[in-house]
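Just so it is clear, none of the values below were taken in a lab; they were calculated from the coordinates. All figures in this text were calculated on a predicted structure; none of them were measured in a lab. When we count neighbours, we look across all protein chains shown, and the Cβ atoms used for this are built from the backbone with ideal geometry, even at glycine.
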Amino acid sequence: MAQQGRGRAGRGATDGDPADTRYIVGVDLGGTNIVFGAMTVDGTRQFAMHTVPTHAELGADGVVGRIVEGVERVIAETRATTGAARERFLGVGIGSPGPLDRERGIVIVTPNLGWRDFPLRDRVQDGVKLPATLDNDANCATLGEWWIGAAKGARHVVGLTIGTGIGGGLILDGKLYHGASDVAGEPGHATIDSTGRRCKCGNYGCLEAYASGPAIAERAREALAGGEPSILPQMVGGDLARITAATIYDAAQQLDALSVQVVRDTARFLGTGIANLLNIFNPEVVVLAGGVTQAGEALFEPLRAEVRRRAFKPAVDACRIVPGILEGNAGVVGAVGTFAQWHGLM
């Protein structure tokens, strides 16, 4: 089985004269959508960013076909814009849900896609005839925000991606930290209540069971079932199954008391988890990405207060807690960055 393209992309790429500019294609694979784009090796320019549905029902072969088509489209559009020869495209960085075996380029399991032990990297590499790398999608999002986003310039960064689940990534001394078996940086499955809610992972009291998008919505529905007054039922036409975290954020902005409390509780749960991360890793920046950022300061202000209450003061004083700024593109940017780091290009 091919190794992770090490050495095949070349080294010492420079971004000077357009004829010398080199490009990397990024792929952010999700259960619902796949996001594509190309970037120059130095990260200063982006090209051909676009999103297509994943269509997981097509199976692994069908999804790989869509990835290959998307990469070829990115290359064609970038070439049309820049006049670059295909030889200027060094390879493809892929971000995928995990857990993964990065060295072998294998998706060990991803429930949203139904894959087990699937050699994604090599299948894409063979399809586009370019070297490829594979990394966790949340790692990629964190690296993207570190490279050109909200955490740019920092050396030590913790990233959290909050959506259907809570993923994350760790950048220590300017490099992604993967741990002994590629599963480092999973803050969503840190326990914040040992006898708490059951998480989909099988554990009890995980941060994800309280502060992911579905968990936020479920806590609101529970409060409604207990008789709490709210405008939420009106906002969803009486169909409580349609309540989402975004619905709750909108209601909180309208000063709906139940929704305001749910957002505050979410801030408390996240603040507890982030305080633990500050005490362990002492980062310069914690960056939060995903739909949670829609809540704005209604979430971030009490979250920061909870962190101040729980973490050591020197760790708090050294750290900024900020929303991500690469809306929709952080995973692609980071996938490009993981390829560049693997090949020593950044």
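The table for this structure:
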{"read-out": "Prolate/oblate/rounded label for region 235-346 (Cα gyration tensor, a/c 1.5)", "value": "oblate"}
{"read-out": "Relative contact order (percent, whole number), the chain, Cα cutoff 8 Å, 6+ residue spacing", "value": "20"}
{"read-out": "Pair-distance profile P(r), taking every C-alpha pair of region 22-137, with 5 angstrom steps and integer %", "value": "2, 13, 25, 26, 18, 10, 5, 1, 0"}
{"read-out": "Rg over Rh, two decimals, region 116-250 (C-alpha only, Kirkwood Rh)", "value": "1.08"}
{"read-out": "Nonlocal amide H pairs with Leu326, under 5 Å, H built at 1.01 Å", "value": "Ala150"}
{"read-out": "For region 101-151: rounded, prolate or oblate by the Cα gyration tensor [a/c cutoff 1.5]", "value": "oblate"}
{"read-out": "Kirkwood hydrodynamic radius (C-alpha pairs) into Stokes-Einstein, region 233-280, 25 °C and 0.890 mPa s, D in µm²/s", "value": "206"}
{"read-out": "Local electrostatic count, Ser230, Cβ distance below 15 Å [Lys/Arg +1, Asp/Glu -1]", "value": "-3"}
{"read-out": "Calculated P(r) tail over 38 Å for the chain, as whole % of Cα pairs", "value": "18"}
{"read-out": "Cut-off 15 Å between beta-carbons: net charge of the residues surrounding Gly213, Lys and Arg +1, Asp and Glu -1", "value": "+1"}
{"read-out": "Integer Hz, Karplus 6.51/-1.76/1.60 couplings in order for region 203-219, x for Gly and Pro", "value": "7, 10, x, 5, 3, 4, 6, 10, 10, 6, x, x, 5, 4, 5, 5, 5"}
{"read-out": "Mean separation of Cα contacts under 8 Å (6+ apart) over length of region 140-249, as relative contact order %", "value": "17"}
{"read-out": "Total charge dipole magnitude, the chain, about the Cα centre, Cβ charges on Lys, Arg, Asp, Glu only, Debye to nearest 20", "value": "520"}
{"read-out": "Reciprocal of mean inverse Cα separation for region 150-323 (Kirkwood radius, Å)", "value": "16.5"}
{"read-out": "Inter-part distance where region 221-270 and region 56-86 are each reduced to a Cα centre, Å", "value": "40"}
{"read-out": "Summed residue charge, Cβ within 15 Å of Pro111's Cβ, Lys/Arg positive, Asp/Glu negative", "value": "-3"}
{"read-out": "Cα-only Debye scattering, region 299-346: base-10 log of I(q)/I(0) at q = 0.23, 0.27 Å⁻¹", "value": "-0.79, -0.90"}
{"read-out": "Dipole moment magnitude, nearest 20 debye, region 205-245 about Cα centre, only Lys, Arg, Asp, Glu C-beta charged", "value": "60"}
{"read-out": "Dipole-positive endmost among Ala223, Gly43, Pro111 within the chain (Cβ charges, Cα centre)", "value": "Gly43"}
{"read-out": "Rounded tilt (10° steps) of 59-82 against the dominant C-alpha axis of the chain", "value": "70"}
{"read-out": "The chain: angle of helix 297-310 to the longest principal axis, Cα-based, in degrees nearest 10", "value": "80"}
{"read-out": "Calculated log₁₀ intensity ratio I(q)/I(0) where the Debye formula runs over C-alpha points of region 134-197, q = 0.16, 0.28 Å⁻¹", "value": "-0.52, -1.21"}
{"read-out": "For region 22-137: relative contact order, % (alpha-carbon pairs under 8 angstrom, 6 or more apart)", "value": "26"}
{"read-out": "Mean residue ellipticity (222 nm) of the chain, computed from DSSP H runs ≥ 4 via -39,500 (n - 2.57), nearest 500", "value": "-12000 deg cm²/dmol"}
